[in-house]
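The structure appears right after this line, and notes come after that.
What follows is calculated from the coordinates using simple rules that are stated; it is not laboratory data. Source: prediction; values computed, not measured. So basically every Cβ, Gly included, is an ideal-geometry build from the backbone, and we count neighbours across all protein chains shown.
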There are 2 protein chains.
Amino acid sequence: MSPDRVFAEPPAEPGSPAGLAPARARELFRAGLRVPTSGYSRGYAQANLLCVPRDLAYDFLLFAQRNPKSCPVLDVTEPGEVSASVFDGDLRTDLPAYRVYRNGECVGEPADVTDLWREDLVSFLIGCSFTFETPLLEAGIPVRHIEAGTNAAMYETDRECRPAGRLSGRLVVSMRPVPADRVADAVRITSRYPAVHGAPVHVGDPAALGIADLDSPDHGDPVEVREGEVPVFWACGVTPQAAVAASAPEFAIGHAPGHMAVTDVRDSAYQVP
Amino acid sequence: MSPDRVFAEPPAEPGSPAGLAPARARELFRAGLRVPTSGYSRGYAQANLLCVPRDLAYDFLLFAQRNPKSCPVLDVTEPGEVSASVFDGDLRTDLPAYRVYRNGECVGEPADVTDLWREDLVSFLIGCSFTFETPLLEAGIPVRHIEAGTNAAMYETDRECRPAGRLSGRLVVSMRPVPADRVADAVRITSRYPAVHGAPVHVGDPAALGIADLDSPDHGDPVEVREGEVPVFWACGVTPQAAVAASAPEFAIGHAPGHMAVTDVRDSAYQVP
């Protein structure tokens, strides 16, 4: 495994993160920049990553088919392949950070998984709700974690996914606080992006999802829910990793939550009318 | 294999085919009624069927993921299972007719595949464009094959699907003639149903798809294209069977084109806003 290469601050860039071309953003991540990717390469879709041995690939693809809101599959590689049709980079190095699982336990969060790579690994790229943040922003709906420059807030719920083969686990959600009078717009806008989690799975009371404390997300950073705002929950592409943790396959690699694969595909490609 | 049980005409029914509950329609098909299902159980989704040995299931699920317009997967069974979450019937008997493939060759079109069933068969239920015919009709857009009481017209094109594992083949399309001033509406309406093939893949010139003669469909019945109408082509769930024919796996079962699985799921469940 390569040593973690962490910058406390992003290096000075002539352009803003939002203005970086995907290839340029990936280059920075490959060089060691370790940051959540929300707001990067605005207008280009980002993706969750899950790499599993070929032996488990059918179970995972079926898990995704049975849980399409949390696991919308954008692309699947051949075993051992390190780039994808939607990602013209190197899946082993070009995400800011990874999570490595052995028997369901997260054993590390390296910046590079080249040394752990196996020729039998099939990589799944899964839609990410960061994709619909651009149209939310364009509609004047605030996205708090972008404003704050932090990672999104993600929570493990008490909702069981439909199992498939050896894989089962619970739904993970991301939360964005939305002003009460814009909730309907947020639903309408995001429902046009089914390939990147689509409409919310839940609006309001976190306890109904089994979330005890909004201030303590299971992944990412807490965000402030202000007076007059409602917490809105979308299915999250960390769900596959929750299934890995619950089902304990021998080996898997995922992205570190919020540290996504920046693809070469425009957000608009995943929009339905 | 059970003997083919064919009625020249549907038996007299108190209700119209459109008014039949899905369970009642399946009961008639199980009893031997052999008709195209377009127009049956209006308001309920119909599905294409492909059953393949477990050994080929990953390749097919990946083929479907890579060709989502032609192969939108609604449900996947466990090996050997004969009903599905969207289909509370018996997949071996409750479709009006099947096609049986050995080494890629269609060796029969029985009304029942109970005697051919294998415990390793995984069944895929795939969205069918019949689902969006109800909203087309409700919008006043004519659906000629329903008017005529015939099967839809389906054509094999010269467009290669993205291959997956051992499966490759060409896109199959269904065609509906649409008045020129309603083409935009037909696109708009059907694009809201991505799980049942969604928006057309082609509007107009059949030759551009490699279709030589609209009057000679490869599957189903020809339909009249009238003055002022444009042929509009949608991806078709017979595409998996074209892949079976081209790729010659040892064994597979499909529905007979146009003779679908009538599911228990409302069309509206597959609509996006």
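Across the identical copies, the 7 Å label point of B:Asp115, projected outward along Cα→Cβ, sits 6.3 nm from its counterparts, in ascending order. Across chain B the C-alpha pair distances fall into 10 Å bins from zero in the proportions 7, 32, 38, 20, 2, 0 percent. Once the Cβ-Cβ distance of B:Glu224 and B:Arg24 is raised to the sixth power relative to R0 = 41 Å, the FRET efficiency obtained is 0.85.
Position B:Val187: other-copy label points at 3.0 nm, ordered by increasing distance, label point 7 Å along Cα→C-beta. The share of C-alpha pairs in segment A:130-235 whose separation exceeds 23 Å stands at 24 percent.
Rounded to the nearest 0.05, the FRET efficiency derived from the C-beta distance between B:Arg54 and B:Cys106 at R0 = 22 Å is 0.50. Which shape class, rounded, prolate or oblate, goes with segment A:1-160 when its Cα gyration tensor gives a ≥ b ≥ c as root eigenvalues, a/c under 1.5 marks rounded, and past that a/b bigger than b/c marks prolate? Oblate shape, in that a/c is at least 1.5 and b/c is the bigger or equal ratio.
Within 10 Å of the Cβ of each residue in B:187-200, the mean number of Cβ atoms contributed by other protein chains is 1. Normalised by the number of residues in segment A:130-235, the average gap of Cα pairs under 8 Å and 6 or more apart makes the relative contact order 35 percent. Remark: segment B:208-223, residue by residue, has Karplus-estimated 3J(HN,Hα) of 5, 9, x, 8, 7, 8, 4, 6, 10, x, 6, 9, x, 10, x, 10 Hz, where x stands for each Gly or Pro and the curve is 6.51 cos²θ - 1.76 cosθ + 1.60 at θ = phi - 60°. Label-to-label distances for B:Asp215 across copies, nearest first, come out at 7.8 nm, using points 7 Å from Cα in the beta-carbon direction. Placing dummy labels 7 Å off each Cα toward the beta-carbon, the span from A:Ala148 to B:Arg162 is 3.6 nm. Shape class of segment B:39-114 from the alpha-carbon gyration tensor: rounded, with the ratio a/c of largest to smallest axis under 1.5. Residue by residue along A:75-86, Cβ atoms of other protein chains within 10 Å of the local Cβ number 1 on average. The helix-only estimate of mean residue ellipticity at 222 nm for chain B, built from DSSP H runs of length n ≥ 4 each weighted as -39500 (n - 2.57), is -5000 deg cm²/dmol after division by the residue total.
Coupling constants for segment B:35-42 follow from the phi torsions by the Karplus curve (6.51 cos²θ - 1.76 cosθ + 1.60, θ = phi - 60°), and in residue order they are 9, x, 9, 4, x, 7, 6, 3 Hz; glycine and proline get x. Legend: mean number of C-beta atoms from other chains within 10 angstrom of residue C-beta atoms, peptide A:50-62, equals 2. In this entry, the protein assembly as shown is assigned a mean projected area of 25.8 nm², taken as a quarter of its C-alpha convex hull surface. What sits nearest the axis between copies A and B, counting only chain A Cβ atoms, is the residue and whole-Å distance A:Tyr58, 2.
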